[in-house]
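Reviewing the structure listed below.
The values are calculated or read from the model by the stated rules, or taken from the named source; none is laboratory data. Bear in mind the structure is a predicted one, so any value in this text is a computation, not a measurement. Methodologically, a virtual Cβ is constructed for each residue, glycine included, from the backbone with ideal geometry; neighbour enumeration extends over all protein chains shown.
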Amino acid sequence: MTSRRRQGFLLIRDVLHIILAIAIIVMVVFAFLAPTKYAIFFPLIFLLFSINCLLDSIKYFKNEEHHKYGFLRATVMFALFLFMLLMSTIGFLNL
């Protein structure tokens, strides 16, 4: 049985996933329709995706069921978070 606190965290995490996904999709559409006008969206897309990867890595680290490859998934997602954060930083510096 999960506690109320854990259920609240899961709800917030799921809502953040939905908000991030919608924001990323909207930015991608605008960025590809007019790339020169919306050049700022490219590093923002990488930043939002890195936040999404961080949420996934937290999900795999906090997994109470301890799946066979849970730690490996969490490590890969955290490495992807760091890589996307680096790409976002490089993108912001090149603007």
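Criterion applied to ILE22, ILE45 was being of a type outside the set (Lys, Arg) and either surrounded by 13 or more Cβ atoms within 10 Å (Cβ to Cβ) or within 21 Å of PHE92 (Cβ to Cβ) (or both), and the one residue passing it is ILE45.
Screening the stretch 32-70 for residues that are touching a Lys or Arg at 6+ places or on another chain (Cβ under 9 Å) and not polar (S, T, N, Q) and picking the one that is modelled with the lowest pLDDT gives GLU64. Residue count for the stretch 15-45 under the criterion of being in contact with a Leu (Cβ under 8 Å, 6 or more places away or on another chain) and aromatic (Phe, Trp, Tyr): the result is 0. Taking the stretch 1-19 as the range and being exposed (fewer than 11 other Cβ atoms within 10 Å of the Cβ) and of a type in the set (Phe, Trp, Tyr) as the test, no residue passes. Taking the numbered list (1) among the β-branched types (Val, Ile, Thr); (2) surrounded by 16 or more Cβ atoms within 10 Å (Cβ to Cβ); (3) closer than 21 Å to LEU93 by Cα in turn, ILE58 passes all entries but (3). Taking the condition at pLDDT below 90 and touching an Asp or Glu at 6+ places or on another chain (Cβ under 9 Å), does ARG73 pass? So ARG73 passes the test.
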